[in-house]
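The values are calculated or read from the model by the stated rules, or taken from the named source; none is laboratory data. Please read all numbers here as calculations on a predicted model, not as lab measurements. Virtual Cβ from ideal backbone geometry, glycine too; neighbours counted across all protein chains shown.
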Amino acid sequence: MPIRLIDFDSPEYWKMIKLRDAILRKPLGLTFSAEDLEKERHDILIGVFDEDEILGCCVLTPENGDTVRLRQMAVANGLQQKGIGTTIMAYAEGIARDRRYKYLVMHARAVATGFYERLGYTIVGDQFTEVNIPHYMMGKKL
């Protein structure tokens, strides 16, 4: 289960977009705009692969000198609860530490908070609505 950084606008990036669209966007009636994607040009893009097939991914977006934000975490349908998400998180945290970030934060869907809590993240603040579903701000000191 190789995990690696993905270059923006590469063939692997477009596989990542297809996965994120299927898992995170289409179920909510959302799509990606060209502007949405352009904002990722300087983000840290991470993917897990089996041969040429993408199994899971996430995006790390720098917030400031100390903090990076996890976004768009997705694991392919039928592959959840098989360790792929945990592998992605460990890799993302390692990359964040290597780049000298001290905190990793996220807007976690309410249904996913248990997963992140098991990895040491804590809820910060009250529930809020984003993309029409409940979320919590979560964070962890690296």
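If only residues of segment 126-142 that are outside any strand (DSSP E or B) and closer than 25 Å to ARG25 by Cβ are counted, the one that is nearest to the chain's Cα centre (by Cα) is VAL131. If the condition is being aliphatic (A, V, I, L, M) and in contact with a helix residue (DSSP H, G or I) (Cβ under 8 Å, 6 or more places away or on another chain), then segment 100-126 contributes LEU104, MET106, ALA108, LEU119, ILE123. Against the definition (surrounded by 14 or more Cβ atoms within 10 Å (Cβ to Cβ), part of a helix (DSSP H, G or I) and modelled with pLDDT of 95 or more), how does THR113 come out, yes or no? Criteria met by THR113. Looking at this structure, is GLN72 under 24 Å from VAL131 (Cα atoms) and assigned to a loop (DSSP other than H, G, I, E, B)? Considered against the rule, which asks whether it is under 24 Å from VAL131 (Cα atoms) and assigned to a loop (DSSP other than H, G, I, E, B), GLN72 comes out as no.
Does segment 80-99 contain any residue that is in a loop (DSSP other than H, G, I, E, B) and touching a helix residue (DSSP H, G or I) at 6+ places or on another chain (Cβ under 6 Å)? Checked against the condition, which is being in a loop (DSSP other than H, G, I, E, B) and touching a helix residue (DSSP H, G or I) at 6+ places or on another chain (Cβ under 6 Å), segment 80-99 yields no hits at all.
Which residue is farthest from THR129 (Cα to Cα), if the candidates are limited to segment 10-41 and must be part of a loop (DSSP other than H, G, I, E, B) and free of Cβ contacts under 8 Å to residues at least 24 places away in the same chain?
Here the answer is SER10.
Within segment 55-81, residues that are touching a residue at least 24 places away in the same chain (Cβ under 8 Å) have Cβ atoms under 8 Å from residues that are hydroxyl-bearing (Ser, Thr, Tyr) and part of a strand (DSSP E or B) in these pairs: ASP66/TYR103; THR67/TYR103; VAL68/THR61; VAL68/TYR103; ARG69/THR61; ARG71/THR61, counting only partners at least 6 apart in sequence or on another chain. Scanning segment 42-69 for residues that are of a type outside the set (A, V, I, L, M) and assigned to a strand (DSSP E or B) yields GLY47, PHE49, ASP50, GLU53, GLY56, CYS57, CYS58, THR61, PRO62, THR67, ARG69.
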